[in-house]
Protein chains: 2
Amino acid sequence: MPVTAKKYVFAERFVGEPKLSDFKLVEEELPQLKENEVLAEALFLSVDPYMRAYVDRLQIGQVMIGGQVAKVLDSKNPNYKVGDNIFGQLGWRTHTVFNPSTDANLLPPYVLPSFGELPLSLAIGALGMPGNTAYFGFLEICEPKIGETVVVSGAAGAVGSLVGQIAKIKGCTVIGIAGTDDKCNWLKAELGFDHVINYKTEDIAKSLHAAAPNGVDCYFDNVGGEMSSIVLSQMNLFGRVSCCGSISSYNYDSNDRPKVSVIQPSMVFKQLKMEGFIVNRWNNRWMEGIRQMLKWIKDGKIKCNETFTEGFDNIPTAFIEMLQGKNVGKAVVKV
Amino acid sequence: MPVTAKKYVFAERFVGEPKLSDFKLVEEELPQLKENEVLAEALFLSVDPYMRAYVDRLQIGQVMIGGQVAKVLDSKNPNYKVGDNIFGQLGWRTHTVFNPSTDANLLPPYVLPSFGELPLSLAIGALGMPGNTAYFGFLEICEPKIGETVVVSGAAGAVGSLVGQIAKIKGCTVIGIAGTDDKCNWLKAELGFDHVINYKTEDIAKSLHAAAPNGVDCYFDNVGGEMSSIVLSQMNLFGRVSCCGSISSYNYDSNDRPKVSVIQPSMVFKQLKMEGFIVNRWNNRWMEGIRQMLKWIKDGKIKCNETFTEGFDNIPTAFIEMLQGKNVGKAVVKV
């Protein structure tokens, strides 16, 4: 019986903030499975900030990029069995036929390990790409030491909320920067952040100096922009900066980036180290990150929050609202 | 017989570009030598961009900071003999009494190794701090590989002109950015740079794209500012940036730094690594750098140019003109 898939294609180049009309819902009938192919049905789809930036590389009409948790409906591949739950970067689609060995994909779809009692949706959150982004991107680049002071921007997002908790596990003082009082309260009351700064209502420089009178050792940066210039100006000698994202400039054309206070004086005189990364550089250690995050969650050391949007058709809305910062923790679309 | 020293003290806080009236010439009679002390007479004094930034840490009335080549006139210290030529961070002084074991100094004055036929003044240039800044700051942080493309800003300065030549020795394609056609011609014709860009007359982005159509792998940055934002936006995946200086912003207050295009998008999507440094982090390998630079110079692989100013009293002029970019290669004051 033929399967009809729904998919969202990229319909218009974004100008500033993405709009609903930039996406188009299309139906297509999927072909019969050939040797080594798998048919999977989406259960949970991920919307993440990186998509805003990467969309520039897509052609108009291409399927929107993104990861999903899916269930195998049919398989002609010995590595995937009917009923398996998988994670794959399959795009904004309800149903997908894929061949893991020929499809261009840095991280081929993989069968999820057992999460025990934990929800499957975590496979696109703390037990997936955002979790590994926090785990590797913070620990490998910031190399935090006990007693150090860590600042996290975008602290209430999928990645930032995990970074702060990992920093607490590592014995650091953690300062989170977020955009609403509700997020700030959640970070402090629920996740154990030591200090929080609402960048929309506070003078970041003053609040940061009050929270970190002895300066900042590590900065995990999801946001970029003037906020980052301020944090860098308060860093200590030999501080480390992990550049995970630059959300504050994603809505600007690459030829017309926002102007911010120059950071090179901070880099030189404090001898800072700053490194940008994309999590796929650690693909060969992927399961190490998942296993460690799973253990921390089961041990109660890391808490996860998910903001759900119901219905495949609402992915564009979930994406736009995530970019507007309406999510607390991971933004997830439940099909 | 008592020795009278001349010294320049810091008389007024700089506002924007330093002025002659910001310095004051003072005479003082030096005390008799005590046990372990040394009396040295300056032969060559160094003026360097870092002084513009570091002066903010001085009190009004303190002697201006800086390195010098000096001759030992008298010594009660077994490690320094009368007639020895030394390098020391002794400040803007004609004569100095120092005790190497008690004076606060990260790099105590040291007796120069033999330079053979080469001029002693190189001990404040290619065979001293600027040489080691180029040697360690470029090789250790940029880790250049054969065939890579290297950009150097402040390319005609004491450090930049050496970095470009070291990059050529390492088999790289070298692009220098400088501020006059004369400097650019010198870099290309005399020092063997592959491409040069006059940032005052050219569109840096266009010229850089023409010179490096396949992108930039390493950037040795003396200047900072918008120029650096442009270079970073043309870097390749996993590029390395060594932040040596930020001359373009030294005349601005640290609370009012110039605004430039944000660099975090380049950092993230190209997974760049950027590190600021101060050369004293390699003090324990100091002589390794000097020896290698000496060998390259003797082998004709590195050429040094010095711009001389005559007379101790003209140090402030030499300093101000160096900050205005009037030197080609190392700015040296000959007493």
Residue set B:Pro130, B:Pro144; condition part of a loop (DSSP other than H, G, I, E, B) and not hydrophobic (A, V, I, L, M, F, W, C); output residue B:Pro144
Residues of segment B:309-324 being within 16 Å of B:Lys183 (Cα to Cα) and without any contact (Cβ under 8 Å) to a residue 60 or more places away in the chain, in sequence order, are B:Glu321
Being among the small types (Gly, Ala, Ser) and surrounded by fewer than 24 Cβ atoms within 10 Å (Cβ to Cβ) narrows B:Ala189, B:Ala178 down to just B:Ala189
For B:Gly125, state whether it is surrounded by fewer than 24 Cβ atoms within 10 Å (Cβ to Cβ) and in contact with a helix residue (DSSP H, G or I) (Cβ under 9 Å, 6 or more places away or on another chain).
no
With the first residue restricted to segment A:230-249 and required to be more than 9 Å from chain B (Cβ to nearest Cβ), and the second required to be surrounded by fewer than 23 Cβ atoms within 10 Å (Cβ to Cβ) and among the aromatic types (Phe, Trp, Tyr), Cβ contacts under 9 Å at 6 or more apart or on different chains are A:Leu237/A:Phe269; A:Ser242/A:Phe277
Every listed condition ((1) at the interface with chain B (Cβ under 10 Å from one of its Cβ atoms); (2) buried (at least 23 other Cβ atoms within 10 Å of the Cβ); (3) more than 17 Å from the chain's Cα centre (by Cα)) holds for A:Asn222 save (3)
Residues of segment B:195-208 being outside any strand (DSSP E or B) and surrounded by 14 or more Cβ atoms within 10 Å (Cβ to Cβ), in sequence order, are B:Tyr199, B:Glu202, B:Ile204, B:Ala205, B:Ser207, B:Leu208
**Prompt:** Does B:Val268 satisfy the condition of being modelled with pLDDT of 95 or more, at the interface with another protein chain (Cβ under 7 Å from one of its Cβ atoms) and assigned to a helix (DSSP H, G or I)?
**Reply:** yes
Per the list (1) in contact (Cβ under 8 Å) with a residue 12 or more places away in the chain; (2) surrounded by fewer than 23 Cβ atoms within 10 Å (Cβ to Cβ); (3) in a loop (DSSP other than H, G, I, E, B), residue check on A:Arg257 breaks on (1)
Considering only segment B:209-217, I want to know if a residue exists there that is modelled with pLDDT of 95 or more, in a helix (DSSP H, G or I) and either out of contact with any His (no Cβ under 6 Å at 6 or more places or on another chain) or within 14 Å of chain A (Cβ to nearest Cβ) (or both).
yes
Checked B:Gly225, B:Gly276, B:Gly239 against criteria (farther than 29 Å from B:Ile146 by Cβ, of a type outside the set (Phe, Trp, Tyr) and touching a strand residue (DSSP E or B) at 6+ places or on another chain (Cβ under 6 Å)); the one match is B:Gly225
Of the residues in segment A:15-58 that are under 20 Å from the mean Cα position of the chain (by Cα) and part of a loop (DSSP other than H, G, I, E, B), the one that is nearest to A:Phe308 (Cα to Cα) is A:Val47
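Conditions (1) out of contact with any Lys or Arg (no Cβ under 7 Å at 6 or more places or on another chain); (2) not in a helix (DSSP H, G or I), marked per residue:
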| residue | (1), (2) |
| --- | --- |
| A:Ile297 | yes, no |
| A:Phe308 | no, yes |
| A:Ala318 | yes, no |
| A:Met322 | yes, no |
| A:Asn327 | yes, yes |
| A:Ala331 | yes, yes |
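The values are calculated or read from the model by the stated rules, or taken from the named source; none is laboratory data. Please read all numbers here as calculations on a predicted model, not as lab measurements. Heads up, the Cβs are rebuilt from the backbone with ideal geometry, glycines too, and the neighbour counts pull from every protein chain shown.
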